[in-house]
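Some notes on the structure that comes next.
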Amino acid sequence: MNTRNAIVGVALMAVAVVLLIVLSSGGSDESGKSDAGKVPTIVVDKAGHPVGGIRELVYRKGDRIHFRVEVPFEEEVHLHGYDVMKEVPKGGGTVTYDLPAEIEGVFEAELEGHKEQIVELKVEP
Amino acid sequence: MSWLPFAHALLARQDLPIPAWLFAWGASIVLIVSFFALSVAWRQPRFEEENWRPFGARLSAVVVGWPAQVLCGLVGVFLFGVAIYAGLHGTAAPDRNFALTFLFVTAWLGFPVFSALLGDVFRPFNPWRAAGRAAGAGFRVVAGQAPAHLSYPEALGRWPAAVGLLAFVWLEVVYGASGGVAVGLSPHPAAVAALIYSGYTLAMMALFGVEKWCQRGETFSVYFGMFSQLGWFGVREGRLGRRRPFSAATRWATVPGSVAVVIASIASTSFDGAQDGAFKSAIESTFEWLAERGASLTTSLRLTDTIFMLLTFAGVGLVYLLGVRGMRSVHGAPALAKLRLGFAHTLIPIALAYLVAHYFSLFVFQEQAQFTYLLSDPLGTAHTDLFGTASGGIDFTILSSNAIWYVQVAALVTGHVLGLTLAHDRALVYWRDYRDASRSQYWMLAVMVAFTCFGLYLLSVANR
């Protein structure tokens, strides 16, 4: 096998693989999606699971993170990373998070008592 | 099942996926570098000679003499003891307990990097080695002779370490992911596992000797020692010295089981990274399939993760073995077994690159906790403040997402270049004609490109 042909062949194959992966992933990092300006409510059922599954919320740095959590029993809701705890009173109730998106990354909000994740919060640069 | 739990372990902040454009740039740089490397590759091996130069006897006595060995051993035993005590008696909250951060972040992630830079720094701090040597010294005093040991079966090589490595990672990312919780492994089972491993290790040391077991079977000595082969510094016959970087690695993989150790290392990190990204939907499907057939949620999750972890190990091994088999087809190639062992060391930089790329931010963030509130309040009781830092916290703004992405891509590209370089250098030893050597490296180039692009891909879909 000719050396130059082999090198070009390997390079072309690898470029094709890279292009395939980038194209198959949509060629973007979902940067268009944002929950800024909305106030979604995450409802927790009696078993302690978020109705509809873990809610994904996406913001840009500098946006306002704003969402509510409705829990039918006494609990503590913890937004990790931002380290904000909210207490749900006996008998249940709704807590509201309203804070600036200052830290980039992926964070989870969970029910402390049930150790159950209810929100996946993404703050993009 | 949308609320399928996954181990997010200790850290409250996880990395965003690297953007597609950075993925494309990283992969393109890899290809350009590879093309360039093949075009201008050198024609004589450069890493076979260590060019060993010992430091002065006084410096060696201070750094690796017996007082330093005893002191470091005591520090290692003490810190390991604190971790076990905290795990057994401290808070169940993983992020507030000294045990998990110390064992799974400070030691597990810190030693590979420091070993690559400074040499085998784990060896003097190894708590089991220190305890084993102390027990041996006690035996000599009482019995008046050195303890007798069995001869270690050389065919076993480093296989016990490879199995131990997979078991350790399984404990962290499979066992710790179970139980329907949003956090990972709890401190108590981690401490119990550490005690079980300690009993096993000390028994093996009693059977085969402390140093022999550390060289072959003790998982952490072998694993951290593997990375120390990349660096400048080492100890030979009690003397500290320096050598040509990467030269020690060329002899590391001659022991059976070494290939499994380095492949387990890459596979472990890959699986941990893919669990929440590339493999997520496949894992969820398998989990649901098992759960629908009556297995409990915990059993389904552990079984699913175990299957995928083993598949990752098999997949990484298969890619390497395909590269080796390809090289065998080149004129003048040595035996397959020789090729398999002879090129395993070229994956060590890739393993280190994977480790840095996947855990860099975790290490930077969690070490802030280690040296503030975890140090002052190791049990996490909120009633202790040994050093006045118990109220400290983690500054998550210290690293921007851009900084993390650039470190990740730089680590993988650097690991790729070093792996290619070592492979080409070894090929020049096995093939007398440099043209045959270069031809053989098309196969290793494909292996390295596959691993690097796979690593970039994992980062691009993590936490998406």
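Bear in mind that the values in this text are calculations on the coordinates, not laboratory data. Here the structure is a predicted model, which means the values were calculated and not measured. We place every Cβ from the backbone using ideal geometry, glycine too, and count neighbours over all the protein chains shown.
Data for the structure
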| item | result |
| --- | --- |
| Beta bridges per DSSP with both ends in the range A:41-124, % antiparallel, nearest 5 | 75 percent |
| Proximal aspartates and glutamates to A:LYS46, defined as alpha-carbon separation beneath 16 angstrom and excluding residues fewer than eight positions away on the same chain | A:GLU70, A:GLU74, A:GLU75, A:GLU76, A:GLU110, A:GLU112, A:GLU116 |
| Over the range B:20-461, relative contact order from alpha-carbon pairs under 8 Å, at least 6 apart, % | 24 percent |
| For B:13-26, mean number of other protein chain Cβ atoms within 10 Å | 5 |
| Dipole magnitude of the range B:20-461, debye to nearest 20 (Cβ charges: Lys/Arg +1, Asp/Glu -1, about Cα centre) | 1720 debye |
| Neighbour count of at most 13 Cβ within 10 Å plus DSSP loop: longest GluC sites (Glu not before Pro)-free window in chain B | B:238-464 |
| Computed magnitude of the charge dipole of the range B:355-434 (debye, nearest 20; Cβ of K, R +1, Cβ of D, E -1) | 340 debye |
| 25 °C / 0.890 mPa s Stokes-Einstein diffusion coefficient of the protein assembly as shown, Kirkwood radius on C-alpha pairs, µm²/s | 96 µm²/s |
| Neighbourhood net charge (10 Å Cβ-Cβ; Lys/Arg +1, Asp/Glu -1) for A:ASP98 | +2 |
| Gyration tensor (alpha-carbon) shape descriptor, the range B:14-126, a/c threshold 1.5 | oblate |
| Rg(Cα)/(2.2 N^0.38 Å) for the range B:219-358, N = residue count | 1.30 |
| Listed peptides B:221-228, B:157-164, A:47-54, A:64-71 by packing density, highest first (mean Cβ within 10 Å) | B:221-228, B:157-164, A:64-71, A:47-54 |
| For peptides A:114-123, B:138-147, sequence by mean Cβ density within 10 Å, most packed first | A:114-123, B:138-147 |
| Cβ crowding within 10 Å averaged over residues, with B:377-384, B:421-428 ranked highest first | B:421-428, B:377-384 |
| Overall form of the range B:20-461 per C-alpha gyration tensor (a/c, 1.5; a/b vs b/c) | oblate |
| Charge dipole (the range B:20-461, unit charges on Cβ, about Cα centre) - positive-most of B:LEU59, B:GLY26, B:PHE227 | B:LEU59 |
| Charge-dipole axis of the protein assembly as shown as Lys and Arg at +1 and Asp and Glu at -1 on Cβ define it, positive-most pick from B:LEU422, B:PHE139, B:ILE266 | B:LEU422 |
| Shielding of A:77-86 by partner chains, average beta-carbon count, 10 Å | 3 |
| Per-residue HN-Hα couplings for the range B:124-134 [Karplus 6.51, -1.76, 1.60; θ = phi - 60°; Hz; x = Gly/Pro] | x, 8, 4, x, 6, 5, 4, 5, x, 5, 5 |
| Net length gained if the chain between A:GLU102 and A:ARG64 were fully extended (0.36 nm per residue, minus Cα distance) | 12.8 nm |
| Filter on A:LYS33/A:LYS115; A:LYS86/A:LYS115; A:LYS33/B:LYS280 - keep pairs with C-alpha separation over 19 Å | A:LYS33/A:LYS115; A:LYS33/B:LYS280 |
| Cβ-based net charge around B:ALA260, under 12 Å, with every Lys or Arg adding one and every Asp or Glu removing one | +2 |
| Phi to ³J(HN,Hα) by Karplus 6.51 cos²θ - 1.76 cosθ + 1.60 over the range B:448-459, Hz, x for Gly, Pro | 5, 4, 4, 5, 5, 5, 5, x, 5, 4, 4, 5 |
| Mean Cα-pair separation over length for the range A:41-124, i.e. relative contact order, pairs under 8 Å, 6 or more apart, % | 36 percent |
| Charge dipole (the protein assembly as shown, unit charges on Cβ, about Cα centre) - positive-most of A:VAL106, B:ILE398, B:ALA450 | B:ALA450 |
| Under Karplus coefficients 6.51, -1.76 and 1.60, residue-wise ³J(HN,Hα) of the range B:295-306 in Hz, glycine/proline x | 6, 5, 4, 5, 5, 4, 5, 5, 5, 4, 5, 5 |
| Helix-only mean residue ellipticity at 222 nm for the protein assembly as shown, each DSSP H run of n ≥ 4 adding -39500 (n - 2.57), per residue, nearest 500 | -18000 deg cm²/dmol |
| Amide H contacts under 5 Å for B:GLY231, placed H, 5+ residues apart | B:PHE246 |
| Loop-resident sites, the range B:26-106, for trypsin sites (Lys or Arg not before Pro), counting at most 15 other Cβ within 10 Å (DSSP) | B:ARG43, B:ARG46 |
| Cα centre as origin, Lys/Arg/Asp/Glu Cβ charges: the protein assembly as shown dipole, Debye | 2880 debye |
| 5 angstrom amide H check on B:PHE55, placed H, neighbours 5+ away | B:LEU240, B:GLY241, B:ARG242 |
| Peptide-level mean, for A:110-120, of C-beta atoms on other protein chains within 10 Å | 3 |
